[in-house]
Structures are given as structure tokens and as C-alpha cells.
1. Determine, yes or no, whether ARG144 is modelled with pLDDT of 85 or more and either assigned to a loop (DSSP other than H, G, I, E, B) or acidic (Asp, Glu) (or both).
2. Here are some residues: THR103, THR41. Which one is surrounded by 11 or more Cβ atoms within 10 Å (Cβ to Cβ), at pLDDT below 65 and closer than 20 Å to ILE168 by Cα?
3. Mind checking which residues of the stretch 148-178 are modelled with pLDDT of 85 or more and outside any helix (DSSP H, G or I)?
4. For ARG144, which of the numbered conditions (1) of a type outside the set (S, T, N, Q); (2) closer than 23 Å to TYR46 by Cα; (3) open to solvent by 60 Å² or more (accessible area, probe 1.4 Å) fails to hold?
5. Quick one: would you say PHE96 is touching a helix residue (DSSP H, G or I) at 6+ places or on another chain (Cβ under 8 Å), buried (at least 19 other Cβ atoms within 10 Å of the Cβ), of a type in the set (Phe, Trp, Tyr) and in contact (Cβ under 8 Å) with a residue 12 or more places away in the chain?
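The values are calculated or read from the model by the stated rules, or taken from the named source; none is laboratory data. All values derive from a computational prediction rather than experimental measurement. As a convention, Cβ positions derive from the backbone with ideal geometry for all residues, glycine included, and neighbour counts pool all protein chains shown. All accessible areas refer to the heavy atoms of the entire protein, side chains included, with ligands and DNA or RNA removed. Shrake-Rupley method; radii C 1.70, N 1.55, O 1.52, S 1.80 Å.
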Amino acid sequence: DKTSMESIVLIIFSIQTKTKVIKKYILEKLSYLCEDIQIRTMNSYYIIIAAMAAMAVVVFVALFFFKAGYGYLSTSNWGPKINNKVAWVLMEAPSFGYMLYYTLRFASEGGAVNGCSNLVLYILASFFLLHYFQRSFIFPLLMRGKSKMPIAVMLMGMTFNTFNAYVIGEWLYNPNLN
């Protein structure tokens, strides 16, 4: 039964060799996939920056021809309105929440970005977080009056603030962009 034992050893060796080849193949494919995802992330990042810049030009020109939909220029043409304080919190809070998410995720992963000191990144994020905490939660409490904000204006502000936090968070914490 020496031959059967040799056969078993050869089969096991063959399986181990095939397993190593399969593992190597899978790791290579995952590596390509990760590179592809990083490239797509970078492309998305630059597309969003370009879109925000283009939109800024469009809004700049448009405001020469249209009245802004907030403050004393607000009209019923801008659609339904909600309490200004509530709208302000809903409009500004995504910036604070998104950057807080980025910062906590980065801290929990213990990452470092291309040799940058984590302390520097945390200081920069802290300035952003303090600013948007004040804008999102303290400033609305200091607002006087019972004015209302059009929901459309609130949604536009919310969209801008979300993309702004994404762009800054990616710039701070994504090692592929630095």
C-alpha cells in the first residue's frame, strides 16, 4: 500500500499547488480591481470638482437675470417654504455629518496619508467641523424672526454642502489624491 500512500501524497501536493495558483490568480485580479476602483474614485472626485466649478459659473451668470429665492427676494415662484431655522439646519448639517463620518472612519482605520501627520489632518478637519457645527446648530438658534425658506433653496444648499464636504474629506483622507 506504499503506492496508494504515494498517490495520496501526490494528490494532496497537486491540490496544494493548484490552490496556490488559484490564490495567486485571485490576488492578481483583486489587485487590478482595487486599482480600477481607485482610478474610478479619483475620476469621480475630479468630475465632481469640475461639475461644481461649472455650476458656480452658471449660477453666477443666472443671478444677473433671476432674483435669488431667499431673504427679502424670496417669492412664491420658488415653491413651498418651511421654517427658516429648520431649513438652515437641514441645509448645513450634511457638511458637518459627512466630515465627521470621514474623520471617524479615518481614525478607526488608523491610516496615514502619504506621510502627512495625522495631527495636521485632524487639525484641518477640526476647523471644518467647528465651523460647520456653528453654522448648522448654533447659528439657527440665534436667528430672529419667523421667516421661511423655500424648500428648493434648502435642497440646493444641501446638495452643495454635501458635495463640498465630500471633496474636502476626500482631499484630506484619501491617500490616492495627495
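1. Values: modelled with pLDDT of 85 or more: yes; either assigned to a loop (DSSP other than H, G, I, E, B) or acidic (Asp, Glu) (or both): yes.
It is true that ARG144 is modelled with pLDDT of 85 or more and either assigned to a loop (DSSP other than H, G, I, E, B) or acidic (Asp, Glu) (or both).
2. THR41
3. LYS148, MET149, PRO150
4. Of (1) of a type outside the set (S, T, N, Q); (2) closer than 23 Å to TYR46 by Cα; (3) open to solvent by 60 Å² or more (accessible area, probe 1.4 Å), only one is false for ARG144: (2).
5. yes
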